[in-house]
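Every number in this text was worked out from the coordinates using simple rules, so none of it is lab data. Just so we're clear, the structure is a prediction, and the values are computed from it rather than from any experiment. FYI the Cβ positions are ideal-geometry reconstructions off the backbone, even for glycines, and counts take in every protein chain you see.
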Amino acid sequence: MKRLLRYGVLFALLAGAAGWWATAPERVSEAQFAALSGDAAHGETVFWAGGCAACHSAPRSEDAERTILSGGRSFITDFGTFYAPNITPDPENGIGTWELVDLANAMLHGTSPSGQHYYPAFPYTSYARISPQDVADLWAFLQTLPASDIPSKRHEVGFPFSIRRALGGWKILFGGPAQILSGTLPPMATRGRDLVEGLGHCGECHSPRNALGGIDYARWLGGAPNPSGKGRIPNITPAKLHWSEADLVEYFTSGFTPEYDSAGGEMAEVVQNLANLPREDLHAIAVYLKIVPAVD
């Protein structure tokens, strides 16, 4: 009996050590990012495509205020309430002491400068699909934006979701594929895939999730309950979205639908972001949405 107990304790210790090792936060190669220089002009395109202002500007911001990324917006989920942080160049309350590699770790691996897992309310599972150069360009653009000394709010998350190390296991289970629509695509569709699956993180809202908050990739872009509890976020696969490519580009530009309705709610702010992209990028998004698998 004592021998069995010793073996049981040893097994538990080994399993715990293996779990601790497996759930460690990942980091990018510092040498890779040290070799990159950012283009702030292209970084602005990355900024609008990534929807940074939609989350990190103060609530009800308009026009130039949307580039003051002081945070504060709340995101109410089944796991707690999350608040977008201040990501301005302020050294005390923003990310003014960060370096490019810190932004890369955050966006590509969901890892903080202190080595903690970020909660996936920050859509790093989508941003993980963007290129290192896009991260470098975004970093260059962020340095040009105004600083704010507004402190970030603490998330309101209870046990057991407050155990950040457990997020390492969540990432293993639900990190998602490198490409959702895999294979070789024509150039315009490839650009659309990069924007929709990566920077635009469209599936974060438009795809259903499982009980632990992981995206159901079998029903990619097939619609989902609205976290606010009001209605549903629509299915934007060809099964339900019958607009033409021209209709989609017009919607992304002006917010007007073919039925003479207009974008509302959070989508209105998404349109504000998309309207800053080059028209060929909007066309690329439309091309991609017309070829994704239909979800009934």
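Can you give the net charge of the other residues whose Cβ lies under 11 Å from the Cβ of LEU100, counting K and R as +1 and D and E as -1?
Charge balance near LEU100 sits at -4.
Over the alpha carbons of region 178-296, what is the largest minus smallest coordinate on each principal axis, giving the biggest first in Å?
Ordered largest first, region 178-296 gives principal extents of 38, 35, 23 Å.
SER262's amide H: which non-local residues (gap 5+, or another chain) put their own amide H closer than 5 Å, with H modeled 1.01 Å from N in plane and none for Pro or chain starts?
THR257
Are there chymotrypsin sites (Phe, Trp or Tyr not before Pro) in region 82-191 that DSSP marks as loop and that have at most 15 other Cβ atoms within 10 Å, and which are they?
none
Among the aspartates and glutamates, which fall within straight-line cross-link reach of LYS240, defined as a Cα-Cα distance under 14 Å, with same-chain neighbours fewer than 8 residues apart omitted?
ASP296
Mind listing which trypsin sites (Lys or Arg not before Pro) in region 199-288 are in a DSSP loop and have 13 or fewer other Cβ atoms within 10 Å?
Here the sparse-neighbourhood loop sites are LYS230.
Nearest 500 deg cm²/dmol is fine: what mean residue ellipticity at 222 nm does the chain get from its DSSP H runs of n ≥ 4 alone, each adding -39,500 (n - 2.57), divided by its residue count?
That comes out to -11000 deg cm²/dmol.
For ALA224, list long-range residues whose amide hydrogen, built 1.01 Å from N in the peptide plane, is under 5 Å from its own amide hydrogen.
Distant-sequence amide H within range of ALA224: ILE233.
Enumerate the helices in the chain for which the Kyte-Doolittle hydropathy averages -1.0 or more and the C-alpha atoms extend at least 27 Å along the helix's axis, using complete DSSP H runs.
Taking the DSSP H segments of the chain (at least 27 Å long, mean hydropathy at least -1.0), we get 2-22.
What distance in nm lies between label points placed 7 Å from Cα along the C-beta direction at SER162 and SER228?
The modelled label-to-label distance comes out at 3.0 nm.
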